[in-house]
1. Taking the mean number of other Cβ atoms within 10 Å as a proxy for protection, how do you rank B:43-55, B:158-170 from highest to lowest?
2. Evaluate the charge dipole of region B:31-175 about its Cα centre and quote only its size in Debye, nearest 20, assuming +1 on the Cβ of each Lys and Arg and -1 on the Cβ of each Asp and Glu.
3. Calculate the mean, over all residues of peptide A:93-103, of how many other protein chain Cβ atoms lie within 10 angstrom of the residue's Cβ.
4. Using the per-residue mean of other Cβ atoms lying within 10 Å as a proxy for protection, in what order, highest first, do the peptides B:95-107, B:58-70 fall?
5. How far apart, in nm, are two points set 7 Å out from the Cα along the Cα-to-Cβ line at B:Thr47 and at B:Asp27?
Amino acid sequence: MRSQFVWSSPSLRLTAAFPGVLRGGELTGVAGTHRHGVYPYSRDQREDVPVHPEEAARLARAAAAGDSVAWNGLVEGFSGLVWSVARAYRLSSADAADVFQTAWLRLAEHIGRIEKPEHIGAWLATTARREALRVARGSSRVIPTDDTALFDLGHADEASPEQAVLDSEQAAIDHERTKRLWRAFGQLSARCQELLRVLIATPPPNYAEVAAALDMPVGSVGPTRARCLQKLRRLTGEVSETV
Amino acid sequence: MTRSLWISGPRGSRAICLEADVQDERDDTELEEGLRRLAARLDPVPTRLLHAAAESFTWRTIDADLAELVFDSLVDQDEAALVRGPEQVRLLSFETGDLAIEVEITGTESARSLIGQLVPPGRAAVEIRQGDDVVAADADELGRFSAGPLRAGPVSLRCSTRPERRRVVTDWVTI
């Protein structure tokens, strides 16, 4: 990792101007840190760092040549995006899991054939979107749109979210705010929920990846994001209606 | 107080923003980060799936032609033409060069059945892959093969034609 990578995401661009906005105020501190080959997958602050296109291309080429460490770097960098895409299309846990696995299996077979490896995130997002639409059409397991559909509240293999909330000191303090944000998110239009669910993947996707995930023009991602966040802010009552 | 803020863009490009814009962007960024933390806490990628994604790499087939998915009745057929009912039939076509693999999927979520046809027809050793499970289903001289019950989830076929021993692997697809 080189330090300029932290500038690659629009949402991280303000880190230097507003330290503390991100958990990784230390994000710039990971420059030069080895972040690949972490297997089994390890969760630490480095997972927040987006993969720069040049880095993605390097990882893709290395993986195509048989480097499993590079492959794991891709898994670390883009799993959050792939999962978010499946969730944005309101798939159940089981269906989202199938879409996620299919996207990665398909990438494994295509890895040496991808024309623009620097856009591998967008390739994965597109693949996940198409697979999600197939599954949504074919499955009887699709759950209807409601305020919880974009987040799963019932992972069998994860701690319950309620417990996760209680476990976190930060969450205990923010509990009320979290609930309000949660409710407000569910009141947004379907389009806003889809866009935001993809945007808030960890690490943050770039706009090209978000556009690929939702089949929308790259140029409309920024304005739509601003509009949706403003709506959300209104719904949470943090700004007056006149703003 | 009126002030401006210089913000570094990618590759050192610079843009000047008015204070109001900076404030808006800061609010948006804070809100987005709040949502990101919420999603990371309430709906993280399940750990078993991260392991599965890492493992996908070991299942790739290097010495075979890739037959890509070119038709799927679920998305490539008019809604009206779809057969609806408990016994939905899904048709999939995979192609590579002059070889096509046509597949028909029927059955319920817990027990899918698969009927396949190689075009042009001919004998082949066929393997149906579902994660670690591999089911053999050899194609007869007319290129027909079948398998089941299969579980719902990602599936891929691997064929080796007889006697040419041409190896073909299909795209993974969720059935």
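Any read-out appearing in this document is the output of simple, stated calculations on the displayed coordinates, not a laboratory observation. All values reported here derive from a predicted model rather than from experimental measurement. Cβ sites come from the backbone with ideal geometry, for glycine too, and all protein chains shown count toward neighbours.
1. B:43-55, B:158-170
2. Computed charge dipole of region B:31-175: roughly 520 debye.
3. Details: counts 2, 3, 3, 4, 8, 6, 2, 8, 11, 10, 5.
Partner-chain Cβ atoms within 10 Å, mean over residues of A:93-103: 6.
4. By packing density, highest mean first, the sequence is B:95-107, B:58-70.
5. 4.0
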